[in-house]
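Everything on this sheet refers to the single structure shown next.
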There are 2 protein chains.
Amino acid sequence: MANQWIDNERLTGQISFLVEIDKLKNVLRKTFLMDKSRLENTAEHSWHVSLMAVVLLEHANDPELDLHRIIRMLLLHDLVEIDAGDTFAYDTQGYLDKEEREQAAADRLFGMLPEDQREEWMSLWREFEDGLTEEAKYAAALDRLQPVIHNHYTGGVSWLKNGIVKSQVLKRLDPVREASDTLWKFTQEIVQRSIDQGILLDDPIAKEV
Amino acid sequence: MANQWIDNERLTGQISFLVEIDKLKNVLRKTFLMDKSRLENTAEHSWHVSLMAVVLLEHANDPELDLHRIIRMLLLHDLVEIDAGDTFAYDTQGYLDKEEREQAAADRLFGMLPEDQREEWMSLWREFEDGLTEEAKYAAALDRLQPVIHNHYTGGVSWLKNGIVKSQVLKRLDPVREASDTLWKFTQEIVQRSIDQGILLDDPIAKEV
């Protein structure tokens with residue numbers, strides 16, 4: 001078989017998988033790089049948020065977190081976007097079938113790996129998605145916080161472009177409140193400073209009245 | 001102080017660092033993405049090679065490797081390129097002052113972190129650079145192997161563009177030979193297939209005679 005590597009079926013599947021996931025570098029997010037030169041892609045986002053997890057670990061409320069599992073979760077958590085695309089955090093329509101699209105993507109992508117690895121990766125991905133363990137909660141907190149830092153330091157370019165207001169950002173950041181008192185204090189401060197600087201809009205007053 | 005976050009000096013330094021390292025997303029390598037659409041940047045390369053380390057761990061000769069340390073090493077090993085730039089693997093001139101440039105970069109970048117973290121990160125980076133531990137050797141093997149896989153699957157575009165020949169590639173891949181019998185077998189096969197397909201040039205015969 002032409003695609004077989006050194007008569008090793010496990011390695012052959014693994015190499016195919018590693019070639020396939022290169023596509024994540026072409027999945028664009030709504031977040032801009034700090035220098036505003038272009039949109040961020042999901043592969044580099046995954047790298048950034050993994051390093052955030054390492055740097056900020058001491059601020060987690062739970063001092064017993066398994067950092068190794070957190071990093072592996074963050075490295076793979078967005079692989080499903082290769083098929084399912086990046087669903088913008090504030091796209092309520094896109095969220096309707098997000099779960100279904102992403103499950104199909106996970107089945108196809110992790111299905112390229114040998115069975116034991118497939119199960120391990122699927123389980124790490126599900127752990128992140130379900131958000132029930134302390135590790136998943138901390139990982140989700142950073143995943144939500146990262147674009148807010150980007151938005152703050154880029155003059156709110158993605159918030160303003162997409163008409164996002166304060167209450168949407170704070171709601172989205174709720175996992176931070178659960179995971180870390182310190183990072184939640186930071187979150188409130190960065191949101192407030194953004195409003196003071198006019199780069200994030202406060203909620204419209206009594207819009208529905 | 002305007003840049004102080006929630007009166008927390010540690011967090012303030014950590015956030016500055018996390019903002020600064022965003023620049024790695026703009027450091028371009030000589031490797032093309034699998035779809036040849038553009039050059040790869042070092043941030044997404046770091047993500048890719050970290051996941052490679054997870055997927056291919058079973059093939060390491062040493063079964064007792066500390067994967068957690070390997071991943072952290074790979075996530076941060078190229079941060080120095082923010083200041084020092086990416087030195088092309090086959091650029092002998094660039095390698096002359098590479099160490100000096102990169103040490104200055106490490107001092108500046110890791111210097112933004114609180115002291116205990118600075119020391120930890122510096123030591124992880126030095127471990128990778130020195131390449132003496134089994135973890136550093138395995139990490140280096142993947143760091144060298146990743147662009148070869150890219151080159152093979154992109155029709156050797158970067159090899160041909162830069163006039164790279166077989167012996168240079170094999171020399172560069174020597175860490176793979178040390179770290180993994182299986183991956184070294186794979187390396188030899190992927191290099192041979194690339195030559196058979198005419199996307200990597202064999203060495204010129206008796207060039208010096």
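Annotation for region B:157-209: GluC sites (Glu not before Pro) lying in DSSP loop with at most 13 further Cβ atoms inside 10 Å of their Cβ are B:GLU208. Peptide B:17-27 has a mean shielding of 6, counted as Cβ atoms of other protein chains within 10 Å of each residue's Cβ.
The Cα center of region B:98-130 and the Cα center of region B:1-59 differ in position by 15 Å.
Restricting attention to region B:10-196, the count of lysine pairs at 8 or more positions apart or across chains with alpha carbons under 18 Å apart stands at 10.
What is region A:1-74's relative contact order, in percent, from Cα pairs under 8 angstrom and six or more apart in sequence? Spell out each step's value before the answer.
On the way: 43 pairs, mean separation 13.6, N = 74.
Answer for region A:1-74 is 18 percent.
Rounded to the nearest 500, what is the 222 nm mean residue ellipticity of chain B from helices alone, with -39500 (n - 2.57) per DSSP H run of 4+ residues and division by all residues?
Working: 12 runs with 127 residues, N = 209.
Rounded to the nearest 500, the figure is -18000 deg cm²/dmol.
Tell me which GluC sites (Glu not before Pro) from region B:1-79 have a DSSP coil assignment and no more than 11 other beta carbons within 10 Å of their own. Within region B:1-79, the qualifying GluC sites (Glu not before Pro) (loop, at most 11 other Cβ atoms within 10 Å) are B:GLU64.
Express in % the proportion of alpha carbon pairs of the protein assembly as shown at distances exceeding 34 Å. The answer is 31 percent, as a whole percent. For chain B, relative contact order (Cα pairs under 8 Å, six or more residues apart, normalised by length) works out to 22 percent. Once a ≥ b ≥ c are taken as the square roots of the eigenvalues of the Cα gyration tensor of chain A, is the result rounded (a/c under 1.5), prolate (a/b larger than b/c) or oblate (a/b not larger than b/c)? It is prolate, given that a/c is not under 1.5 and a/b is the larger ratio. Considering only alpha-carbon pairs that sit under 8 angstrom and 6 or more positions apart, the relative contact order computed for region B:88-206 is 23 percent.
Taking 12 Å as the cut-off, the amide N atoms of region A:37-71 that come nearer than this to a point 7 Å along the Cα-to-beta-carbon line of A:LYS161 belong to A:37-41. Inter-chain neighbour count for B:180-190: the average number of beta-carbon atoms from partner chains within 10 Å of each residue's beta-carbon is 3. Shortest first, A:GLY94 label-point distances to identical copies amount to 3.5 nm, with the label point at 7 Å from Cα along Cα→Cβ. Among the residues of A:6-13, the average count of other protein chain beta-carbon atoms within 10 Å of the residue beta-carbon is 4.
What helices does chain A hold that run 24 Å or longer along their axis, going by alpha-carbon atoms, with a Kyte-Doolittle average of -1.0 or more, using DSSP H for the helix calls? In chain A, the long hydrophobic H runs are A:134-153.
Bear in mind that the values in this text are calculations on the coordinates, not laboratory data. Computed from a prediction, not measured in an experiment: that's the story for all the values here. Cβ: placed from backbone, ideal geometry, glycine included. Neighbour counts: every protein chain shown.
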